[in-house]
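Report on the structure given below.
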Amino acid sequence: MARIRGIQISPDNFSNPFLQNLEIDLRKQLEITLKHEESLWFQKSRKEWIQGGDRNTRYYHSRTISRRRKNRIFALHDDVGDWCYDDMLNRNRVISFFKNLYYEDMIDRPELICSISYPTNNHDFSSLLLQVSPEEIKRALFAMGPTKAPGEDGIPAIFYKHNWQILQQNFTEFIKLARQNAEAIRAINSTLVVLIPKVDAPQNASHFRPIALCNVVYKCNTKIIANRLKPFMNDWISPQQVGFIPGRNIQDNIIIAQELIHSMKRMKRKKSFMTIKFDLEKAYDRLSWGFIRKCLSELNLPACLINLIMNCIITSSFKLLWNGEKTDSFLPSRGVRQGDPLSPFLFVICMDKLSHMITEAVNERKWKPIKAGRHGPLISHLMFADDLLVFEEASTEQLGRIMDCLEQFGLSSGHKINETKTSIFFSSNVDRSVANDIVNRSGFKWNKGIGSYLGSIDHGNRRKKECFKPLVDKLKNKLAGWKSSCLSLAGRTILAKSVLGSLANHNMQHSNLPISVCREFERAQRDFVWGSSQQQRKAHLLSWDNLCLPKTLGGLGFKRMKTFNDAFLMKLGWGILTKPNDLWVQVLKGKYARGRDFLKTVKSNNQDSSLWKRLAYLWPTLLDNVQFRIGNGKGTWFWKDRWIGDKITLQDFTLHQRDFDNDTTLVADMTDEDRNWDFGKLQDILNNTIIDKIRIMPPPEPELGDDELAWSIEGHGNFTVKSAYGLLSNEYHTVEVIPWETVWKSKCPERWKFQLWKTGHDRLLTNSRKSKWGLGTPECKKCRDVEETTMHVLRDCPNAQQLWRILIPGNELLVFMLTDLIPWCRENISMRWGSFTIQEWRIVFLCSIYYLWQWRNNALADPNFIYPSNTAHFVLSQVRNSMEQENIAGTKRIETLYVRWNQPPEG
């Protein structure tokens with residue numbers, strides 16, 4: 001960097017090709033070095049939030065230091081509960097714990113007796129036995145995160161992706177070999193186990209979650225198996241299980257649980273109920289290998305596939321990572337690894353046997369489940385992987401039934417209930433003596449709610465704002481650990497959107513968030529973007545309304561939290577309309593339908609849940625943007641449904657008053673024998689304008705299938721949260737003044753784009769702007785008597801003119817210098833000057849205004865600051881480096897342009 005600086009201040013730099021070529025070479029070396037430094041700290045920090053931002057190497061470095069400090073184990077409790085600070089003793093104690101955890105302590109586990117089995121009839125397993133193809137291998141590899149923590153060989157997926165042309169043949173051949181040879185799998189099946197704290201201050205080995213770091217080659221092999229099993233999972237697995245099943249969503253079970261708990265809190269009838277939230281101790285790690293094989297056999301999978309899957313499990317070996325160092329290897333005899341792509345599917349298949357047992361007990365009327373509303377389904381249990389929530393009548397007899405099921409399942413599968421973490425909740429009408437008896441017999445904790453279930457907020461009996469306090473606390477903890485001063489505006493923006501904005505996304509998909517909580521999140525995002533903290537307040541250069549506009553309309557794409565919450569809830573409404581057979585929809589209908597047609601109206605009363613009341617509020621907006629797409633015409637009312645567009649129904653446009661309440665005419669009924677529209681039935685009922693609308697629509701055809709609901713905002717007809725948010729926030733009525741989409745898509749550093757963003761909004765902290773706040777005088781420090789505005793700094797000041805006079809041909813310079821700020825920005829994004837192409841000039845312009853502002857700030861901060869002797873040379877060298885990094889065509893031409901330029905004549 002010192003050599004580059006020396007060249008820039010050299011008086012010979014204008015006319016010496018040797019110095020200019022030397023600067024090119026030095027900048028290439030610097031760029032490579034900086035990129036390597038960024039990559040190093042990025043991988044060590046394990047943070048992926050700022051991909052696509054600037055380097056932020058300082059931030060990555062601070063995150064790495066923080067992460068290492070957090071993950072280092074300094075002390076643990078010994079056997080008597082005292083703190084032990086001896087590293088070797090703690091290490092041996094932890095190794096012993098996990099050796100015992102992965103050791104099968106029962107050789108012959110009893111057979112699980114259950115009359116219900118997996119529904120495997122009429123399944124064609126031929127796709128599971130196909131020879132693996134090179135395309136399938138590549139697809140599995142390239143689906144992996146490029147910089148995810150590698151296995152023991154230390155090679156991340158990005159290495160294989162980057163060198164795929166060289167490694168493809170050997171990689172493919174080895175994958176094929178590993179699918180036929182257990183020893184080949186063993187060679188790549190050595191696993192590093194990293195210990196992730198489950199609590200803020202871990203005290204013993206059980207407070208750590210063992211995450212397996214498998215080699216990329218091994219993960220590619222098991223990912224192929226998992227991808228082949230995935231299409232069958234929805235048919236195999238019970239509807240109560242939503243974990244890792246394509247087409248099922250974690251929100252489904254959360255909504256069911258919240259609605260049932262809401263009902264239980266208001267129960268007044270004779271029957272009382274209880275809900276038990278079970279915690280299975282180290283569920284993945286205790287799973288019996290023999291039980292896995294029995295479940296796979298019960299699925300009637302081909303024997304060769306079962307053997308392949310079991311070889312992936314039983315050939316593994318483990319090494320713990322203790323404070324960054326590998327321990328000695330040991331061999332497990334039970335458990336599946338968290339980190340292996342195949343493990344979630346195997347685990348869910350095995351857990352479904354518990355669902356079979358519970359369903360069998362319900363069918364035999366031994367298990368008395370809760371009913372969702374007067375006409376709703378019976379709910380006995382809900383599952384998400386190892387999260388188990390059961391519902392039964394509140395009695396010691398039913399408690400015994402639950403414990404018998406779990407005990408039999410545990411003996412066969414290896415699972416064990418963690419009684420200290422298992423909790424029980426009773427409906428409001430339960431007799432207190434009965435509740436005490438159940439609690440005493442079970443040893444479970446009696447809670448006033450179910451606590452946090454699948455990451456959702458437990459509304460409990462508190463005020464709604466207090467319920468969401470844990471979410472707000474999580475937000476504050478995030479901010480407390482961040483260093484905004486280490487990040488550029490681009491980095492802070494991406495971090496605020498991707499992390500702060502998404503913290504509440506999970507809860508927004510199934511809960512109606514209080515406005516106060518939404519405002520607190522928005523305030524945190526605003527402060528972080530502009531660099532404010534509790535210790536130091538900084539100017540917010542643009543309003544939150546402007547920041548919440550889409551990036552294509554001059555904003556930064558932030559979301560108004562309450563509107564975004566409503567968009568998510570509208571997605572639930574869309575699910576009610578389009579997935580009427582889903583269990584969560586049946587629960588809502590059973591509880592709230594009250595004999596009404598859901599498609600037409602949704603109403604709520606004061607006793608309904610907060611979620612349902614908000615859905616009822618949003619329902620008219622949802623229905624107003626839904627219409628039918630005609631297939632065979634047998635599912636759509638001709639007069640009463642919306643199907644011809646323009647958000648209208650034909651019953652509102654009849655020539656004479658008619659009663660359509662009992663009308664059952666379908667769209668299919670309005671065609672003749674030749675399947676054309678039968679306009680003879682319509683001539684005396686509808687006016688010619690409406691008939692012409694019908695005429696241009698294709699008539700229904702049996703071959704087109706059933707009629708479907710369509711979301712009218714999107715051309716494809718599918719509901720999207722993005723389009724719903726745009727609808728609710730009136731984004732579609734905002735006018736663009738600068739081609740922002742072109743700016744944001746430009747292939748150059750984010751900081752250049754953000755500089756134009758601030759410029760286009762006239763929000764640079766010039767002396768003119770600061771003087772209006774009472775901070776100094778408005779004059780330019782160089783020009784003295786001229787007001788320092790945005791246009792003065794970036795175009796009219798002699799420092800800026802020196803640059804533009806070199807870059808802009810003389811015959812075009814006058815036009816360039818005369819326009820106002822907004823047209824000036826717009827034209828320089830959309831036009832070209834001189835011999836530059838439009839794309840080249842856009843990047844040159846973005847780079848120029850960025851460095852003109854930086855040089856201005858450096859000159860104010862440091863009286864000894866010296867501008868580059870050839871500012872055009874400097875700018876174009878930066879442009880060339882950027883284009884080279886982005887692999888943009890024209891790099892060599894840009895290089896030629898600035899190498900051949902000489903200092904312009906004076907005057």
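The values are calculated or read from the model by the stated rules, or taken from the named source; none is laboratory data. The structure presented is a predicted model; accordingly, all values stated were derived computationally and were not measured. All Cβ positions, even for glycine, are placed from backbone atoms using ideal geometry, and neighbour counts span all protein chains on display.
In the set (1) closer than 24 Å to Ile306 by Cβ; (2) among the aliphatic types (A, V, I, L, M); (3) touching a His at 6+ places or on another chain (Cβ under 7 Å), the condition left unmet by Ala212 is number (3). Scanning region 100-113 for residues that are touching a Phe, Trp or Tyr at 6+ places or on another chain (Cβ under 9 Å) and of a type in the set (A, V, I, L, M, F, W, C) yields a count of 1.
Show me the helices (runs of 4 or more DSSP H) found entirely inside region 750-842 where at least 3 residues are within 27 Å of Trp530 (Cα to Cα) and not charged (D, E, K, R). Even if it seems obvious, please write down each step before you answer.
On the way: elements: 750-760, 767-772, 798-807, 810-818, 821-830.
Output list reads 750-760, 767-772, 821-830.
The number of residues in region 524-538 being out of contact with any Gly (no Cβ under 9 Å at 6 or more places or on another chain) and surrounded by 13 or more Cβ atoms within 10 Å (Cβ to Cβ) comes to 9. Here is a list: Lys416, Lys421. Which entry is within 25 Å of Trp289 (Cα to Cα), in the same structural domain as Met351 (by TED's automatic domain parsing) and surrounded by fewer than 17 Cβ atoms within 10 Å (Cβ to Cβ)? On inspection, the qualifying residue turns out to be Lys416. For region 382-416, give me each residue that is over 25 Å from Ile255 (Cα atoms), touching a Phe, Trp or Tyr at 6+ places or on another chain (Cβ under 6 Å) and not hydroxyl-bearing (Ser, Thr, Tyr). Within region 382-416, just Arg401 meets the criteria. Among the residues of region 500-523, which ones are out of contact with any helix residue (DSSP H, G or I) (no Cβ under 7 Å at 6 or more places or on another chain) and surrounded by fewer than 17 Cβ atoms within 10 Å (Cβ to Cβ)? Matches in region 500-523: Ser502, Asn505, Arg519, Arg523.
If you check Leu577 against the conditions, is it of a type in the set (A, V, I, L, M), assigned by TED's automatic domain parsing to the domain that holds Gly705 and not in a loop (DSSP other than H, G, I, E, B)? Step through it out loud before you land on a result.
Details: of a type in the set (A, V, I, L, M): yes; assigned by TED's automatic domain parsing to the domain that holds Gly705: no; not in a loop (DSSP other than H, G, I, E, B): yes.
Here the answer is no, as Leu577 does not meet what is asked.
For Gly774, state whether it is without any contact (Cβ under 8 Å) to a residue 40 or more places away in the chain, at positive phi and either of a type in the set (Gly, Ala, Ser) or in contact with a Ser or Thr (Cβ under 8 Å, 6 or more places away or on another chain) (or both). When the stated conditions are applied, Gly774 passes them.
If only residues of region 358-376 that are of a type in the set (Gly, Ala, Ser) and part of a loop (DSSP other than H, G, I, E, B) are counted, the one that is modelled with the lowest pLDDT is Gly373.
Provide a single number: the residues in region 179-195 that are of a type outside the set (Lys, Arg) and more than 19 Å from Ala212 (Cα to Cα). Selection size over region 179-195: 5. Scanning region 424-470 for residues that are over 30 Å from Gln509 (Cα atoms) and either loosely packed, with under 13 Cβ neighbours inside 10 Å or free of Cβ contacts under 8 Å to residues at least 24 places away in the same chain (or both) returns Asp431, Arg432, Ser433, Asn436, Val439, Asn440, Arg441, Gly443.
Please specify each residue of region 190-211 satisfying the condition of being part of a strand (DSSP E or B) and surrounded by fewer than 21 Cβ atoms within 10 Å (Cβ to Cβ). Across region 190-211, the qualifying residues are Ser190, Val194, Leu195, Ile196, Pro197, Arg209, Ile211. Of all residues in region 143-189, which are of a type in the set (A, V, I, L, M), touching a helix residue (DSSP H, G or I) at 6+ places or on another chain (Cβ under 8 Å), in a loop (DSSP other than H, G, I, E, B) and under 23 Å from Leu320 (Cβ atoms)? Hits for region 143-189 are Ile155, Ile188. It is to be established whether one or more residues within region 667-687 are surrounded by 14 or more Cβ atoms within 10 Å (Cβ to Cβ), closer than 28 Å to Thr621 by Cβ and without any contact (Cβ under 8 Å) to a residue 24 or more places away in the chain. Within region 667-687, none of the residues are surrounded by 14 or more Cβ atoms within 10 Å (Cβ to Cβ), closer than 28 Å to Thr621 by Cβ and without any contact (Cβ under 8 Å) to a residue 24 or more places away in the chain. Asn581 falls short of the stated requirement of being surrounded by fewer than 19 Cβ atoms within 10 Å (Cβ to Cβ) and within 19 Å of Ile494 (Cα to Cα).
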